[in-house]
Amino acid sequence: MDTSTEEVVGIPDANIQKYREKFESDPKNLLAQNVCTRHDPFEAALKRNKLTELSNVFSHKISLEGKPVTNQKASGRCWIFALFNCMRVPFLKEYNIEEFEFSQTHIFFWDKVNELFQAQLIAQSIGQAFQVAYLEFLKANGIDDPGLLKEMDYQDVLNQQEIYGEELAMFTNRDKQKEVIVPKLKSEILGIVIVESGWGSMVPTVVIANMAANGPAARCGQLNIGDQIISINGVSLVGLPLSSCQNYIKALKSQTVVKLTVVSCPPVVEVRIKRPDVKYQLGFSVQNGVICSLLRGGIAERGGVRVGHRIIEINGESVVAVPHEKIVTLLANAIGELHMKTMPTAIYRLLTGQEIPHYI
């Protein structure tokens, strides 16, 4: 192997100084240098005479495709808007109307429902694969008693747990949804507080947690605490982060009419969990009455448990002012059908005066 090294010789300083002086001796170079320091070189190099050669006089006029002009507003639904903009043209001509618009929110909602079903199938397949691998691991380590494996099988318990609440059926039923028109003054806020429905919801959206007594939302007389907002002015809020929903509602301040699509829900959520024996974990953790974490796909999630909810009642017994240790004991020893009532912690704190509402 040749380990010899060659000396790397740079450009002498005297040469660099000579190049610099030659460059700076030409005023055009200095002008170009100054321009490129403050502006994009590609923009600066653009030839003005080429721009003036472009003709802005058009020989053909394309008729307007229809009203109103639709705008997806960076909501990730451009493909729906593009499709419907093309589809509505023959409808406008056929029925001789000037203004027509397909519901982008309707298609977007069902697209999300389809994704949800696909995600459930994927999760179920992954769960089954892990279960088979786990059983094979036990057999490989000498635990092959069918009775013992049956006892350890959590899937049987899971299969007995019904999905309580049927959120998906409720939200996809048009009869359960209602459109509310809220008239308001220009520059007036809507006058609501919204919170997340809770991690674990089949249809994650935002919930009305409070309303200003004299605000537009309260004045319309058709909204209630606990109502889940599906869309506002045709823009779906399903699956959006809480901050995005809040910003969108704040942006409505200049409007005089706001249309909300909501599903009326009580603020208190009922939970039912079937647990045949204490050896089967419930699948959620709690701290001072607040549900902190949830086992995805477990009996608790199927039974209606939501992260971020405050437990109000366990098997008919109020736990509002009960110490953390007693709540844990009640849950740990619960056998059979466990009944709970919960609500989003933010709503609970607002209703009990522990927090001051900040209306938007």
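Here, each number is a calculation from the coordinates, and none is a lab measurement. Predicted model only: the values in this text are computed from it and were never measured. Note that we place each Cβ from the backbone using ideal geometry, even for glycine, and neighbour counts take in every protein chain shown.
If R0 equals 30 Å, the separation of the Cβ atoms of ILE11 and ASN34 corresponds to a calculated FRET efficiency of about 0.75. The 3J(HN,Hα) values that the Karplus relation (6.51, -1.76, 1.60; θ = phi - 60°) gives for the range 221-226 are, in residue order, x, 10, 10, 9, 4, x Hz. Gly and Pro appear as x.
Applying the Karplus relation 6.51 cos²θ - 1.76 cosθ + 1.60 with θ = phi - 60° to the range 331-338 yields 3J(HN,Hα) values of 6, 5, 9, 6, 10, x, 9, 8 Hz, where x marks Gly and Pro. Packing around the peptides 307-314, 246-253, taken as the average count of other Cβ atoms within 10 Å per residue, puts them in this order, highest first: 307-314, 246-253. Placing R0 at 41 angstrom, the Cβ-Cβ distance between ALA140 and GLU325 gives a FRET efficiency of 0.50 after rounding to 0.05. Here the 3J(HN,Hα) profile of the range 35-43, calculated from phi with Karplus coefficients 6.51, -1.76 and 1.60 at θ = phi - 60°, is 5, 6, 6, 9, 9, 5, x, 5, 5 Hz, Gly and Pro shown as x.
Here each label is just a point 7 Å from Cα along the line to Cβ, and for GLU94 and ALA332 those points are 6.6 nm apart. For GLN177 and GLN287, the FRET efficiency from 1/(1 + (r/R0)^6), where r spans their Cβ atoms and R0 equals 30 Å, is about 0.30.
Based on C-alpha pairs under 8 angstrom that are at least 6 apart in sequence, the range 211-294 has a relative contact order of 27 percent.
Extension gain for ARG349 to ARG296 (0.36 nm times residue separation, less C-alpha to C-alpha distance): 16.5 nm. The relative contact order of the range 269-351 comes to 40 percent, based on Cα pairs under 8 Å that sit 6 or more residues apart.
With the highest mean first, a sort of the peptides 259-267, 44-52 on other beta-carbon atoms found within 10 angstrom per residue produces 259-267, 44-52.
Cross-link pairs exceeding 30 Å in C-alpha to C-alpha distance, out of LYS176/LYS279; LYS61/LYS112; LYS250/LYS326; LYS112/LYS250, comprise LYS176/LYS279; LYS61/LYS112; LYS250/LYS326. Computed extension gain for GLU43 through LYS67, at 0.36 nm per residue and net of the alpha carbon distance, reaches 5.0 nm.
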